[in-house]
Amino acid sequence: MADSGGRADVTQLLDAWQRGDDSALERLLPLVYDELRRVARARLRVEREGHTLQPTALVHEAYLRLIRGGAAPRNREHLFAMAARLMRQILVDHARRKGARKRGGADAAVTLDTAIAAPEMPIVDILALDQALTDLAALDPRLCQVVELKFFAGLNIDETARALAVSPATVERDWTVSRAWLHQHLTSPKS
């Protein structure tokens with residue numbers, strides 16, 4: 001992620017944007033664009049082959065939803081948390097639209113990397129992952145937030161801790177529990 005100077009610049013621009021300075025938003029995009037594209041590329045890399053959504057389109061759609069959403073991020077970590085949730089929603093919406101067009105075609109599959117699952121984890125469809133995260137959020141919202149921040153936003157333990165205002169040790173515990181829960185939930189046979 002960015003250095004502490006970049007982090008301060010992003011936070012200052014977010015503060016200015018919240019105070020009504022629309023030009024701050026224009027100055028903010030170049031500071032976070034490359035990082036958002038990196039995150040989008042990483043997320044799309046785990047999608048099935050032939051995915052039609054490109055990283056640039058994912059970033060642009062997430063950015064548009066962010067600025068139209070009304071809620072302004074408090075700091076850099078919060079911005080990436082919001083972007084992570086938006087990217088998840090966009091990927092799920094895209095998978096649903098594609099599935100609706102195909103009617104009976106293959107599910108939109110993702111490969112969960114070792115950061116989420118054990119190496120022997122099979123390919124999981126993005127809609128199943130979204131449902132699993134929704135179920136996890138119903139049990140413990142913070143566990144879901146940790147997954148979103150680490151998996152979808154690419155934040156590390158310390159950045160995730162700052163975004164959630166908890167200790168890094170808490171994030172590490174939550175991450176371990178989340179991964180185990182998701183692995184069990186996504187690999188157990190459905191009745």
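Computed from the coordinates by the stated procedures, all read-outs in this text should not be read as laboratory data. In this text, all values refer to a predicted model and were calculated from it rather than measured experimentally. Here Cβ is always computed from backbone atoms with ideal geometry, including for glycine, and neighbour counts include all displayed protein chains.
Key figures
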{"item": "Amide H partners (placed H, <5 Å) of Asp125, local residues excluded", "result": "Val110"}
{"item": "Label-to-label distance, nm, for residues given as Gln89 and Gln18 (7 Å Cα→Cβ offset)", "result": "2.0"}
